[in-house]
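Undergrad: Okay, here's the structure, questions in a sec.
Any read-out appearing in this document is the output of simple, stated calculations on the displayed coordinates, not a laboratory observation. Given the structure is predicted, the values throughout are model-derived calculations rather than measurements. As a convention, Cβ positions derive from the backbone with ideal geometry for all residues, glycine included, and neighbour counts pool all protein chains shown.
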Amino acid sequence: MSENPTSGSQVSTDSPRKSNLNFRGLLAYRGTSTASAELLMAVCAFCGFFLVWYAIVAFGIVPERFLPFPDAVVKALWGMFATNNFIEDVGISITRVWGAFILSVIMAVPIGIWMGSYRVVGAIIEPIVDFIRYLPVPALVPLLIIWFGIGESSKVAVLWMGTFFQLVLLIADDSKRIPREYIEIGYTLGARPSQITKDIVFRSMMPNMVDNLRITLGWCWTWIIVAEIVASKSGIGHVIWSMRRFLKTPEIMAGILTVGVIGLVSDQIIRILARRIFRYL
Amino acid sequence: MSDTAPFVRVSGVSKIFDGDRAHGSIHVIDNVSMDIGTGEFVVYLGPSGCGKTTLMRIVGGLETATDGIVDLAGERVTGPDRHKGMVFQAYTSFPWLTVYENILFGTKYRTDINDTEKAEVSRHYLDLVGLGEFSEFFVNRISGGMRQRVAIARTLAAGPDILLMDEPFGALDAQTREFLQVQLLEISRIEKKAVIFVTHDVEEAVFLADRIFIFSARPATIVEEVPVKDTIPGRRTLETKETEEFFHLRNHVRNVMLAQTKAMEMIDVPTGDAE
Ligand SMILES: Nc1ncnc2c1ncn2[C@@H]1O[C@H](COP(=O)(O)OP(=O)(O)OP(=O)(O)O)[C@@H](O)[C@H]1O
Ligand SMILES: [Mg+2]
C-alpha cells in the first residue's frame with residue numbers, strides 16, 4: 001500500500017526506524033519501545049550472558065573441564081564445521097524438524113478447526129487427544145523405534161507424537177475463541193459454513209495460530225535431539241551424544257548452541273514474516 | 001407506505017430458553033405480534049434484559065421461536081441469510097481487512113451481481129457512509145463511530161431487505177451518536193429499507209422511529225405502540241429534537257419506560273427488603 005498523505009496524522013504508532021531509543025518508555029510500566037531500543041537490549045543481554053559465563057570459568061567457580069570458556073566453544077564449533085562436516089548434520093536435523101513440523105501442522109490445522117466447528121467432532125476427538133498428549137514422548141521412543149525402525153520415519157514419528165496432539169487442541173481453542181458475532185455476520189451476509197470457516201474463522205484466528213506454531217516449532221527441537229540421541233547416526237543430537245564419549249565439553253556445548261541459534265533465527269524469521277502478513281495488528 | 005400486505009409479519013411469537021441445572025428455563029417473549037411495512041423504521045424499546053435482542057434475532061433467523069411464526073416479504077423465516085442484515089453493538093468489522101475490503105466483503109456471497117458491480121456497490125456504500133478517504137485504512141486504525149459505519153455499509157452492500165440493528169450506537173459518545181443517527185435516517189430514506197432498531201435510549205428511539213414498540217419486563221409483551229410518524233411527520237433533522245411534539249412524545253415514552261423498569265425491579269427483588 002502506498003503511503004497516502006492523510007495516514008500520517010491518523011496512525012499514531014512510532015515508526016520503528018526512529019533513532020530515538022526512548023529509554024523512558026522502556027522503563028515505564030507497560031511503556032512503549034522502539035525496534036532499535038529492543039535490539040540494543042537484546043545485544044546487551046547476550047553480551048551479559050557471555051560475560052557471566054566467562055567470569056564463572058575465569059574465577060574457577062566451575063572447572064574448565066565441565067564448563068569451557070566461550071571462545072573455546074566457538075573454536076570447537078568452527079572446527080566441527082571445518083573438519084567434521086557438521087553442516088551436514090545441521091541440515092539433516094533442520095530437515096527432520098521441518099518435515100515433521102509441517103506434517104503436524106497440515107494435520108492439526110484442519111482437524112483442530114473441524115473440532116472447533118462441530119461439537120460432535122470435538123466431543124469424539126478431544127478425550128483421546130487429551131489422553132495421548134499426556135503420554136511422555138521419551139517413553140514412547142522405544143516403541144516407535146520398534147514400529148518404525150531407526151530410519152527417518154521413526155524421528156518424524158517422535159516429533160509428530162510430541163507436537164500434533166498439543167497443536168490440535170491449541171488450534172481447536174483458537175478457532176473456538178473467535179467472536180460469535182463474526183459467525184453470525186457471515187450467515188447474514190449469505191455465507192455457508194464452509195465459506196465462514198475459510199473466509200472468517202481461519203482468517204480471524206491466524207495471528208494466534210502463528211504464535212502457537214512458533215511455540216510448537218520450539219518443541220520440535222527438543223524432541224529431535226531426544227530422537228537423535230537415542231537412535232540415529234546423524235544429526236545434531238547424534239553429534240552431541242557422540243562427543244560425550246570423549247568428554248569433549250566444548251563440542252557438546254557448540255552443538256547445543258547451534259540448536260539455540262537455529263531456534264532464535266527461525267523464530268525471528270517467522271515473527272518478521274508474521275508482522276508483514278498481519279500488518280493490521 | 002400503505003401496502004396491503006405487511007413486509008414483516010410477526011405472529012404470536014413466544015420464546016422460552018431451555019434452562020440448565022444452574023439456571024431454570026427463562027420465558028423471554030410472550031405472544032408478540034406485529035406488522036412492519038416496507039421501508040418502515042421500527043424501534044424496540046424496553047427494560048434491560050426484557051428480550052428485545054432475542055425478538056430481533058428471531059426476525060433475523062438467528063434464533064428460533066418456541067412458538068409463533070415470522071414472515072418476511074411473504075416467506076417464512078427459517079434461518080439467517082443475506083436478506084436480513086445485522087449490525088451489532090460490538091464492533092464486528094474484520095480487523096484483517098481495510099475499510100473498503102470490509103464493505104466489499106458484504107458483497108462476497110452475492111450471486112445476483114458480478115465482480116464489477118460488487119466493486120461499484122461497495123464504492124457506493126463507502127461514499128454513502130462518508131468514509132471515502134479512509135478506504136485504505138485498517139479498521140482498528142479508525143474510531144468506533146467509523147467502525148460502526150463500516151459495519152452498516154458492509155451490511156447494506158449485501159443487499160438486504162431489512163436492517164436489524166442491535167444498539168449499534170450504544171458504545172459511542174453523545175456527539176458521534178447524534179451524528180450517526182442523522183446519517184442513519186438519511187440512509188434509510190435513500191435506501192427505503194425496513195429497519196428494526198433496538199435501543200435503550202428514549203431520545204434516540206423517538207428521533208429515529210416511524211413507530212416505537214415498548215416492551216414490558218420479561219417475558220416481553222408489547223405494552224404500547226407509539227406511532228411517532230403521525231405526530232412528527234416529514235424529514236427529521238437535529239432541530240426536530242427542539243420541537244414541542246418531540247418533547248411531549250419523549251416524555252410520554254419515558255414515563256411508560258419508567259413504569260416498566262419499576263415493574264421489573266419488583267420482579268427481580270422477590271424478597272424485597274424495603275418494598
Ligand atoms: N442463548 C440464551 N440462552 C439462555 N438465555 C438467554 C439466551 N439469550 C438471552 N437469554 C436471556 O433472555 C433474556 C432476554 O435477553 P435479551 O438479550 O433478548 O434482552 P434485551 O432486551 O436485548 O436486553 P438488553 O437491553 O440488556 O440488551 C435475558 O434474561 C437473557 O439472560
Ligand atoms: Mg440486547
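Undergrad: Here is the link list: A:Lys155/A:Lys176; B:Lys193/B:Lys262; B:Lys118/B:Lys229; A:Lys198/B:Lys193; B:Lys52/B:Lys262; B:Lys52/B:Lys193. Which ones come out longer than 23 Å on Cα distance?
TA: Pairs exceeding 23 Å: A:Lys155/A:Lys176; B:Lys193/B:Lys262; B:Lys118/B:Lys229; A:Lys198/B:Lys193.
Undergrad: Here's another thing I want to ask about it. Let me have the 222 nm mean residue ellipticity of the protein assembly as shown computed from DSSP H runs of 4+ only, each contributing -39500 (n - 2.57), with the sum over all residues rounded to the nearest 500.
TA: Only helices count here, giving -18000 deg cm²/dmol.
Undergrad: Can you run phi through the Karplus equation (6.51, -1.76, 1.60; θ = phi - 60°) for segment B:68-83 and list ³J(HN,Hα) in whole Hz, with x for Gly and Pro?
TA: Those phi angles translate into x, 9, 10, 10, 10, 6, x, 10, 5, 7, 10, x, x, 7, 6, 7 Hz.
Undergrad: Compute the relative contact order of segment B:91-159 as a whole-number percentage, counting only Cα pairs closer than 8 Å that sit 6 or more residues apart in sequence.
TA: RCO, segment B:91-159: 54 percent.
Undergrad: Next question. Could you derive backbone 3J(HN,Hα) for segment B:206-217 from the dihedral phi with the Karplus parameters 6.51, -1.76 and 1.60 (θ = phi - 60°), listing whole Hz in sequence and x where the residue is Gly or Pro?
TA: 5, 5, 8, 7, 7, 8, 10, 9, 9, 9, 7, 5
Undergrad: Of B:Met34, B:Met56, B:Met86, which has the largest mean-square fluctuation in a 10 Å C-alpha GNM of chain B?
TA: The residue that fluctuates most here is B:Met34.
Undergrad: Among B:Leu97, A:Leu281, rank each residue by its count of other Cβ atoms within 10 Å, from fewest to most, as a rough exposure measure.
TA: Details: B:Leu97 18, A:Leu281 11.
Ranked by crowding around the Cβ, least crowded first: A:Leu281, B:Leu97.
Undergrad: Can you pull the mean other chain C-beta count within 10 Å for peptide B:58-68?
TA: Other-chain Cβ atoms within 10 Å of each residue's Cβ, averaged: 1.
Undergrad: Would you be so kind as to identify all helices of chain B, as entire DSSP H runs, whose Cα atoms reach 18 Å or more along the helix's own axis and whose mean Kyte-Doolittle hydropathy is at least 0.0?
TA: On the way: long enough: B:115-128 (19 Å, -1.06); B:144-157 (20 Å, 0.09); B:174-191 (25 Å, -0.13); B:244-268 (36 Å, -0.36).
Once both thresholds are applied, what remains is B:144-157.
Undergrad: Rounded, prolate or oblate: which fits the protein assembly as shown when a ≥ b ≥ c are the square roots of the eigenvalues of the alpha-carbon gyration tensor, with rounded for a/c under 1.5 and prolate only if a/b beats b/c?
TA: Since a/c reaches 1.5 and a/b is larger than b/c, the shape of the protein assembly as shown is classed as prolate.
Undergrad: Another one. Using a 10 angstrom cutoff on alpha carbons, build the Gaussian network for chain A and name the most mobile of A:Gly79, A:Gly31, A:Gly235.
TA: Looking only at A:Gly79, A:Gly31, A:Gly235, the largest GNM fluctuation is found for A:Gly31.
Undergrad: Tell me which residues come under 5 Å, amide H to amide H, from B:Gln89 once H is placed; ignore anything under 5 positions away on its chain.
TA: When sequence neighbours closer than 5 places are left aside, the close amide H contacts are B:Asp166.
Undergrad: Which whole-number percentage describes the relative contact order of chain A, with Cα contacts under 8 Å and a sequence gap of 6 or more?
TA: Numbers: 246 pairs, mean separation 53.8, N = 281.
In percent, rounded to a whole number, it is 19.
Undergrad: Moving to a separate point now. For chain B, set up a Gaussian network in which alpha carbons nearer than 10 Å are linked by springs, and say which option among B:Gly46, B:Gly170, B:Gly60 fluctuates the most.
TA: In the Gaussian network model the winner is B:Gly170.
Undergrad: To make sure I understand, if each residue's beta carbon is the centre and we count other beta carbons within 10 Å, what order do B:Leu180, B:Leu258 fall in, fewest to most?
TA: B:Leu258, B:Leu180
Undergrad: List every residue whose amide H lies under 5 Å from the amide H of B:Val195, counting only residues 5 or more places away in sequence or on a different chain, with H placed 1.01 Å from N in the peptide plane.
TA: B:Glu40, B:Phe41, B:Val42, B:Leu163
Undergrad: Which whole-number percent is the relative contact order of chain B (Cα, under 8 Å, 6+ apart)?
TA: Worked out over chain B, it gives 24 percent.
Undergrad: Taking every alpha carbon pair in segment A:70-277, what does the distance histogram look like in 5 angstrom bins from 0, in percent?
TA: 1, 7, 13, 15, 15, 14, 11, 8, 6, 4, 3, 1, 1, 0
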